[in-house]
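See structure below.
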Amino acid sequence: MSKSKKIILLVASVIIVALLVYAGVTDATSKTVDCPDCENGFVGGGGMFVMCETCGGESNVRATLWALLPPVIAIGLALITKEVYSSLFIGILSGALLYSNFSFTGTLDGVINDGLISAVSDSAGIFIFLVELGIIVALVNKAGGSAAFGNWAKTHIKTRTGAMLATFVLGVLIFIDDYFNCLTVGSVMRPVTDSKKISRSKLAYIIDATAAPICMIAPISSWAAAVAAYAEEGEGLSLFISAIPYNFYSILTLVFVVAIALMKLDYGPMKLHERNAIENGDLYTCGEKNESADVVPSSKGRVIDLVLPIVVLIVACVFSLIYVGGAFDGKNFIDAFADTDATVGLPWGGLVALVIIIAYMVSRGVINFKESIDCVPQGFIAMVPAILILTFATALKNMTSLLGAKYFVGDLMAGQAEALGYLLPAIIFVVACVLAFATGTSWGTFGILIPIVTAIFPAESELLIIGMSACLAGAVCGDHCSPISDTTIMSSAGGQCNHINHVSTQMPYAITVAAISFVMFVISGFVQNIWICLPLGIVLTVGTLFAIKALTKNK
């Protein structure tokens with residue numbers, strides 16, 4: 001980290017510490033104030049804000065623009081300093097300070113109980129699945145499956161473009177769940193992309209670009225089930241399917257990935273990472289290497305030792321998801337999938353797959369039982385960075401939620417709806433982008449905006465479908481860009497890429513597609529014809545890339 005970035009981080013830390021000291025002093029010098037809600041006098045802190053202990057009157061910053069300050073602080077510091085852990089923690093501290101009305105004890109309680117403990121509780125299932133995936137990857141590496149697959153890929157996938165397209169196709173095929181997509185695609189394709197000198201940042205981008213975007217346009221996915229739950233009963237899934245063709249960000253992101261692979265085009269920070277990988281063989285360029293410990297693979301390993309574990313994992317996870325959703329209680333596949341809980345189903349599937357894979361590896365003689373057990377701590381260690389970032393990011397989301405950021409944005413949207421007219425889909429897209437970027441959650445974003453969208457547009461109208469698409473597309477876009485998004489974190493883990501490298505290299509690409517999508521939502525608000533708008537969006541995306549290639553050719 002450079003000296004200037006250390007100074008920025010130090011100044012931010014000093015400010016937070018000073019506020020904590022101030023809060024501690026004001027705790028000690030409390031005074032009696034009048035509550036604006038119940039008009040009862042009560043003893044409150046001497047800070048800027050107080051909370052009524054009688055009626056529970058909340059902080060003055062709740063559901064205001066200030067509620068978005070903690071994620072802005074965390075994201076800004078992370079992008080400037082390239083240091084994600086301390087940046088996220090400072091964001092959590094600032095949120096707890098605001099929520100507790102600058103109370104010292106309240107701040108500590110907010111950080112520990114409402115922040116970190118709640119984050120671990122909310123994400124426990126995903127933590128277990130991450131560790132299971134890490135163990136499976138360690139097993140496959142130890143058994144020589146990854147090395148065998150890499151050798152096979154060297155002879156069958158001839159070019160860098162072919163490796164990128166193969167990664168893209170696998171990402172599209174695994175449309176069931178974004179977490180599952182990120183980690184599985186990364187595990188399978190790392191040997192291939194490494195052999196073709198594709199940077200880890202580029203691998204993480206392709207993984208991320210085929211995770212949330214593909215899940216958002218797949219009728220059978222955990223995301224479709226989540227969207228259906230937020231719409232009026234009986235209309236959710238049909239409205240989701242109707243909105244797919246207008247989901248410009250998701251569709252154009254897929255077009256974008258294929259186009260840059262075929263055109264051999266990179267720009268922004270990604271260009272440095274790719275050139276460094278090609279010319280110097282350095283897949284990381286900067287930042288710590290998010291790589292598991294080196295292991296000596298078995299000489300008996302074959303391609304089947306990678307392919308079969310992945311197939312077993314996919315089958316076990318799909319089976320577990322529908323089981324958790326009630327498939328054995330008389331529900332059909334679609335209903336069971338709509339009612340499932342990925343945080344329960346994926347750990348179920350991962351555990352079943354892990355037992356089967358260990359039994360297979362040992363019976364084949366590629367590793368013995370002791371070596372398979374030794375892979376357990378190795379898999380856990382490999383996933384520690386992802387677990388830490390996910391814990392801090394979830395804690396920051398909890399702070400933002402406690403401060404009522406969603407109510408501020410929801411009220412803002414509802415109040416301006418009538419005046420925006422045909423521009424409303426484009427405005428909804430921008431609002432969803434900002435909210436998802438600040439909070440790091442797609443599901444929370446469309447959970448807030450879908451009821452507003454269905455209320456402000458005429459029922460069964462084309463504008464309702466376009467508005468729904470804008471909401472979903474914006475949620476994916478903001479999630480795609482946000483450093484605190486769980487999908488972004490999972491993509492970094494799947495590609496074993498430094499998290500900030502992934503965020504900084506991906507952002508110019510995501511912003512390019514977002515800008516094109518915004519233009520298309522403006523046009524579609526007036527044209528309201530998908531047969532005109534979608535082809536136009538595809539042409540505009542490819543044309544923009546040709547223009548960028550021409551402008552950056554000599555740089």
Just the residues that are more than 8 Å from the chain's Cα centre (by Cα) and open to solvent by 10 Å² or more (accessible area, probe 1.4 Å), please, taken from the stretch 471-492. Cys481
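Of these, Ser461, Ser517, which one is at pLDDT 90 or above and of a type in the set (S, T, N, Q)?
Values: Ser461 fails: at pLDDT 90 or above.
Ser517 is the lone residue from the list that is at pLDDT 90 or above and of a type in the set (S, T, N, Q).
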3 or more residues among the hydroxyl-bearing types (Ser, Thr, Tyr): qualifying helices (runs of 4 or more DSSP H) within the stretch 436-555: 442-456, 486-494, 499-527
Taking the conditions exactly as written (modelled with pLDDT under 75 and surrounded by 15 or more Cβ atoms within 10 Å (Cβ to Cβ)), does Asn290 satisfy them or not? yes
Return the total of residues in the stretch 112-136 being over 21 Å from the mean Cα position of the chain (by Cα) and surrounded by 23 or more Cβ atoms within 10 Å (Cβ to Cβ). 2
Go through the residues of the stretch 533-545 one by one and say whether even a single one is within 20 Å of Ser201 (Cα to Cα) and modelled with pLDDT of 90 or more. yes
Some residue of the stretch 97-110 being without any contact (Cβ under 8 Å) to a residue 60 or more places away in the chain and either open to solvent by less than 20 Å² (accessible area, probe 1.4 Å) or touching a Cys at 6+ places or on another chain (Cβ under 9 Å) (or both): yes
Yes/no for Ala455 being modelled with pLDDT of 90 or more, out of contact with any His (no Cβ under 6 Å at 6 or more places or on another chain) and more than 18 Å from Met216 (Cα to Cα): no
Of the residues that make up the stretch 446-460, is at least one open to solvent by 10 Å² or more (accessible area, probe 1.4 Å), free of Cβ contacts under 8 Å to residues at least 60 places away in the same chain and under 19 Å from the mean Cα position of the chain (by Cα)? yes
Hits in the stretch 399-430 - residues which are closer than 15 Å to Ala67 by Cβ, at pLDDT 75 or above and buried (at least 24 other Cβ atoms within 10 Å of the Cβ): Met399, Thr400, Leu403
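Is it fair to say Pro508 is free of Cβ contacts under 8 Å to residues at least 12 places away in the same chain, farther than 16 Å from Ala211 by Cα and surrounded by fewer than 24 Cβ atoms within 10 Å (Cβ to Cβ)?
Details: free of Cβ contacts under 8 Å to residues at least 12 places away in the same chain: no; farther than 16 Å from Ala211 by Cα: yes; surrounded by fewer than 24 Cβ atoms within 10 Å (Cβ to Cβ): yes.
Answer is no for this residue.
Which count do you get for residues in the stretch 350-360 that are out of contact with any Ser or Thr (no Cβ under 6 Å at 6 or more places or on another chain) and buried (at least 18 other Cβ atoms within 10 Å of the Cβ)? Steps first, answer last, please.
So in the stretch 350-360, the residues out of contact with any Ser or Thr (no Cβ under 6 Å at 6 or more places or on another chain) come out as 350-357, 359-360.
Imposing the further condition that a residue be buried (at least 18 other Cβ atoms within 10 Å of the Cβ) reduces the set to 350, 352-354, 357.
Total satisfying the criteria: 5.
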Which condition number in (1) of a type outside the set (D, E, K, R); (2) surrounded by fewer than 17 Cβ atoms within 10 Å (Cβ to Cβ); (3) within 30 Å of Gly365 (Cα to Cα); (4) at pLDDT 85 or above is the one that Asn151 fails? (4)
Restricting to the stretch 431-445, and then to whatever is under 13 Å from Ser482 (Cα atoms) and open to solvent by 40 Å² or more (accessible area, probe 1.4 Å), can you tell me which residue is nearest to the chain's Cα centre (by Cα)? Phe437
Of the residues Ile198, Ile217, only one is of a type outside the set (S, T, N, Q) and either within 17 Å of the chain's Cα centre (by Cα) or open to solvent by 10 Å² or more (accessible area, probe 1.4 Å) (or both); which? Ile217
Within the stretch 313-349, how many residues are within 18 Å of Gly134 (Cβ to Cβ) and open to solvent by 70 Å² or more (accessible area, probe 1.4 Å)? 1
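The values are calculated or read from the model by the stated rules, or taken from the named source; none is laboratory data. Being a predicted model, the structure only gives us computed values, none of them experimental. FYI the Cβ positions are ideal-geometry reconstructions off the backbone, even for glycines, and counts take in every protein chain you see. All accessible areas refer to the heavy atoms of the entire protein, side chains included, with ligands and DNA or RNA removed. Shrake-Rupley method; radii C 1.70, N 1.55, O 1.52, S 1.80 Å.
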